[in-house]
Amino acid sequence: MKGLILLFSFMTRLPVPKMEFDSEELGKSMKFFPVVGLVIGLILYLFARGISFVTGSSFPFLLSVLVLLLEVAITGALHLDGLADTFDGMFSYRSKQKILEIMKDSRLGTNGALALIFYFLLKWSIFAELFYTLGKNYFAIFLVTMPIIARLGSVIHCAFFPYARGTGMGKAFVDYTGKKELAFSVVLTGVLLAILWYFSKALPLIVALGVSCLILILFQYLFGKLVQHKIGGITGDTLGALVELSEVMYGFILYVCINAMDWIIFYI
């Protein structure tokens, strides 16, 4: 329980009981990261339902912006900082050591700024399109599952890839996350998703969500291989970048899957 509370304290700005920092406890808690995603997803869902009730279902663009703002507030832009730093370093086309130095620099570079701009444009557009395509009830299923599957990717990275630096906040997660912890997290994620998908009661949507999750997991693993090739392993910044990229990719893949299924059903 202590590790889970520390994880919420470290990864979110949600009010949790204050506890003395313990890097080992925090590192061992990584296998519960999808639970953090579940709580974030439920908050986004309740907020979206409230806004949708007040404004009606005809304002998906406003709803998308407000949901994005809430998510940033919940995470304290922690993962967005990692996204910007990762793009600043990875697309500098420098040596491994120089990339790591750039990623550690607190200043925002051109590549990081562009990554954030396109990230928000894509995520805002994807949210709005999925709201139109799925309707507010099924969009809610996506909204809850998105943070869960995105955070499973961090567990995958910690289990499969080494830490690129000798020290760092993310090192504890890598040191204490192995194949057993990954298996636990995969089962936990599967149970959470299965429960949420059950409430959708729509087989085509369940199939689209399932396919999207499998494709996303492949993307998460390949992203880890790319990062390892570039800098010899992962860092806290790349873990943050993975969370944000996974959320965008999950929405995009789901949108493509749903439209592909509509096309297949139409021609069959």
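The values are calculated or read from the model by the stated rules, or taken from the named source; none is laboratory data. Everything numeric here is computed off the predicted structure, so don't read it as measured data. Using ideal geometry, Cβ is built from the backbone for each residue, glycine included, and neighbour counts are taken over all protein chains shown. SASA here: full protein model, heavy atoms, side chains in, ligands and nucleic acids out. Shrake-Rupley method; radii C 1.70, N 1.55, O 1.52, S 1.80 Å.
For segment 1-267, which whole percent of the accessible surface, found with a 1.4 angstrom probe, sits on carbon and sulfur atoms?
Numbers: 8880 of 12780 Å².
Result for segment 1-267: 69 percent of the exposed heavy-atom area is carbon or sulfur.
With θ set to phi - 60°, apply the Karplus curve 6.51 cos²θ - 1.76 cosθ + 1.60 along segment 78-86 and write out the HN-Hα couplings as whole Hz, x wherever there is a Gly or Pro.
4, 6, 5, 4, x, 4, 5, 5, 5
Karplus couplings for segment 151-161 from phi (6.51 cos²θ - 1.76 cosθ + 1.60, θ = phi - 60°), rounded to Hz, Gly and Pro as x?
Residue by residue, segment 151-161 yields 7, 4, x, 5, 5, 4, 5, 5, 7, 9, 10 Hz.
Ranked from the most accessible area to the least, with a 1.4 Å probe and all protein chains present, what is the order of Ser64, Ser92? Provide the component values of the computation, followed by the final result.
On the way: Ser64 5, Ser92 30 Å².
Largest accessible area first, the residues go Ser92, Ser64.
Just how far, in whole angstrom, is segment 195-223 from segment 120-144 if you go by their alpha carbon centroids?
Here the two parts' Cα centres lie 15 Å apart.
Could you state the angle between the C-alpha long axis of helix 179-200 and the longest principal axis of the C-alpha atoms of the chain, as a value from 0 to 90 degrees rounded to the nearest 10?
Rounded to the nearest ten degrees, it is 20.
Compare His79, His229 by solvent-accessible area with a 1.4 Å probe and give them largest first, with all protein chains kept in place.
Putting His79, His229 in descending order of accessible area: His229, His79.
Straight-line reach from Lys230: which aspartates and glutamates fall under 16 Å, measuring Cα to Cα and dropping same-chain residues less than 8 apart?
Candidates past the 8-residue exclusion: Asp85, Asp88, Glu101.
How high is the relative contact order of segment 1-159, in percent, with contacts defined as C-alpha pairs under 8 Å that are six or more residues apart?
Answer for segment 1-159 is 33 percent.
Would you grab the residues whose amide H sits under 5 Å from the one on Gly233? Only those 5+ places off in sequence or on another chain, please, with H modelled 1.01 Å from N.
Gln228
Once you sort the root eigenvalues of the Cα gyration tensor of the chain as a ≥ b ≥ c, which label holds: rounded (a/c under 1.5), prolate (a/b larger than b/c) or oblate (the other case)?
It comes out prolate by the Cα gyration axes.
Pop out the ³J(HN,Hα) list for segment 227-233 in order, Karplus 6.51 cos²θ - 1.76 cosθ + 1.60 with θ = phi - 60°, rounded to Hz; leave Gly and Pro as x.
Whole-Hz 3J(HN,Hα) from phi for segment 227-233: 5, 5, 5, 6, 10, x, x.
Most mobile of Pro15, Pro147, Pro60 per a Gaussian network model of the chain (Cα springs, under 10 Å)?
Taking springs between Cα atoms under 10 Å, the residue moving most is Pro15.
List the GluC sites (Glu not before Pro) in segment 5-51 that DSSP assigns to loop (not H, G, I, E or B) and whose Cβ has at most 13 other Cβ atoms within 10 Å. Which are they?
Glu20
Which one, Val65, Val187, Val144, has the greatest fluctuation when you compute a Gaussian network model over the chain with C-alpha springs under 10 angstrom?
Answer for the Gaussian network model of the chain: Val187.
Give the relative contact order (percent, whole number) for segment 1-77; include only Cα pairs under 8 Å separated by 6+ residues. Let's see the in-between values first.
Numbers: 48 pairs, mean separation 27.2, N = 77.
That works out to 35 percent.
How much accessible area per residue does the chain have, in Å², with a 1.4 Å probe? List each step's numbers first, then the result.
On the way: 12940 Å² over 268 residues.
So the chain comes to 48 Å² accessible per residue, rounded to a whole number.
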